[in-house]
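Novice: Input: one structure, supplied below.
Read the figures in this text as sums done on the coordinates, not as results from a lab. For clarity, every value in this text was computed on a predicted model and none was experimentally measured. Cβ placement follows ideal geometry from the backbone for every residue including glycine, while neighbour counts extend to all protein chains displayed.
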Amino acid sequence: MKNIVILISGSGSNMAAIVQAAQAQQWAQRLDARISAVISNRPQATGLAFAQSNGIATAVVDHTAYAAHAQAREAFDAALMDAIDAHQPHLVVLAGFMRILTPGFVAHYTGRLVNIHPSLLPAFTGLRTHERALQAGCQFAGATVHRVTHELDHGEILAQAVVPVLPHDTADTLAERVLAQEHVMYPRVVAQLLK
């Protein structure tokens with residue numbers, strides 16, 4: 001059985017799209033795979049309730065609990081790795097997980113760690129992607145699924161979805177259209193990686 005662990009920080013809409021696609025396409029039988037856990041760095045992440053209501057194990061590794069540690073990021077990542085590895089993951093999927101991961105964490109999951117970013121990488125790495133695309137006068141925006149490397153929002157591009165930037169777009173309206181494409185693209189890429 002190929003176990004998938006999904007990491008979230010908030011509502012987990014991409015996680016929910018993956019769960020729903022897995023149920024609709026019967027991944028368990030067809031791909032010998034299952035979503036074995038959803039883990040968040042925030043106890044109040046609303047996506048945890050969705051995962052629980054779908055019979056998926058959940059866990060929280062609260063990053064704020066490590067703030068006083070001399071090497072807070074490394075300590076947090078070590079605890080997160082323990083939580084993930086308890087599920088023997090074939091694939092670790094970042095779905096709105098808002099933490100920069102240490103090189104040691106990324107190396108531990110080499111070839112098994114993927115992320116979705118709301119821009120057409122390599123453009124607009126980091127935050128405020130839609131606002132920055134509008135400020136730059138882009139005619140197109142979109143999202144990218146990529147393998148995670150030690151460099152933020154880099155790594156092999158696995159898929160991209162493109163949407164036009166409309167004349168009266170705001171960062172919010174553009175984000176909404178891009179997110180709708182993410183919900184289609186990310187489950188498809190995850191399924192492909194399980195084959």
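Novice: If you restrict to DSSP beta bridges whose two residues both lie in segment 2-193, what percentage is antiparallel, to the nearest 5?
Specialist: Of the beta bridges lying entirely in segment 2-193, close to 35 percent run antiparallel.
Novice: Would you kindly state how much longer the chain becomes between residue 88 and residue 162 on full extension, computed as 0.36 nm times their sequence separation minus their alpha carbon distance, in nm to one decimal?
Specialist: Using 0.36 nm per residue and subtracting the Cα-Cα distance, I get 23.2 nm.
Novice: Based solely on its DSSP helices, what 222 nm [θ] is calculated for the chain when runs of n ≥ 4 H residues each add -39,500 (n - 2.57) and the sum is averaged over all residues, nearest 500 deg cm²/dmol?
Specialist: Rounded to the nearest 500, it is -11500 deg cm²/dmol.
Novice: If you fit an axis through the alpha-carbon atoms of helix 13-25 and take the longest principal axis of the Cα set of the chain, what angle between them do you get, 0 to 90°, nearest 10?
Specialist: Approximately 70 degrees, to the nearest 10.
Novice: With a cut-off of 18 Å, note down the residues of segment 155-195 whose backbone N falls inside the zone around a label point 7 Å from the Cα of residue 46 toward its beta carbon.
Specialist: Flagged as within label range: 172-173, 175-177, 179-180, 183.
Novice: Can you pull the one-decimal nm distance between simple spin-label points at residue 23 and residue 3, each 7 Å off the Cα toward Cβ?
Specialist: Taking the simple label geometry, residue 23 and residue 3 are separated by 2.2 nm.
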